[in-house]
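The values are calculated or read from the model by the stated rules, or taken from the named source; none is laboratory data. Computed from a predicted model, the values in this text were never measured in an experiment. Note that each Cβ is placed from the backbone with ideal geometry, even for glycine, and that neighbours are counted across all protein chains shown.
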Amino acid sequence: MVAAAGLTLLIFLSKKIELEHATMHIETPLLMFFISLFIVKQTGLLELIGEQFKPLILANPMLAALALLWIAAIFSALIDNIPFTAAMIPVMAGLQLQGINVSVLWWALAMSVGMGGNGSHIGSTANVYIVTISERLARETGNPDFAITPGLWLRKGLPAMLVTLVLCSIFIWFGYDFYTWKTFNLTP
């Protein structure tokens with residue numbers, strides 16, 4: 001709100017500046033993506049979904065870790081890994097404060113958001129940025145081969161995400177005892 005108010009004020013104060021010329025180099029699709037992303041985060045939807053994991057965590061922590069790995073990766077591919085991670089941290093910290101050992105879940109979350117970000121062009125902030133830049137370069141040069149389109153990203157990134165998630169699942173399955181030996185201390 002502060003940035004929008006400041007921009008509005010500057011527009012009215014600077015009558016000599018042509019708005020179209022000043023905003024010509026702004027990556028509007030990238031800006032719209034981040035606006036949408038923050039709206040999704042503020043709804044609390046991700047926290048609500050995260051709370052649904054508690055019964056599964058108590059009943060079968062290994063299955064919960066594998067479920068979190070895959071579900072978080074899919075969500076990370078769909079909405080960006082940073083807001084998903086930010087929404088899941090308080091959920092997992094709350095579970096830990098209730099005495100639940102969530103060590104393996106921290107590992108599953110870390111792996112899933114990293115690998116899930118590869119699944120689509122909006123899976124990570126870096127992906128969104130590079131796709132936007134590649135499309136601009138393709139327009140400026142007239143060479144469509146420079147564009148990394150969302151469809152191209154899905155054809156290349158989604159299989160990479162799936163393969164790495166299978167490897168991460170195997171890693172968690174065989175390393176479960178290793179991941180649960182130490183709990184994270186979230187209290188200062």
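Could you list all residues from segment 44-85 that are of a type outside the set (A, V, I, L, M) and either at pLDDT 80 or above or touching a Cys at 6+ places or on another chain (Cβ under 9 Å) (or both)?
The answer is 55, 60, 61, 70, 75, 76, 81, 85.
Looking at segment 99-114, I want the residues that are within 18 Å of residue 157 (Cα to Cα) and have a partner that is of a type in the set (A, V, I, L, M, F, W, C) with Cβ atoms under 7 Å, at least 6 apart or on another chain. Which pairs are those?
As it stands, the answer is 111/69; 111/168; 112/68; 112/69; 112/72; 112/73; 113/72; 113/84, since those pairs meet every condition given.
Just need a number here: residues in segment 86-118 that are farther than 16 Å from residue 68 by Cβ and at pLDDT 90 or above.
Number satisfying all stated conditions: 1.
Just name the residue that is nearest to the chain's Cα centre (by Cα) out of those in segment 135-151 that are under 27 Å from residue 111 (Cα atoms) and part of a helix (DSSP H, G or I).
Filtering first and then ranking leaves 150.
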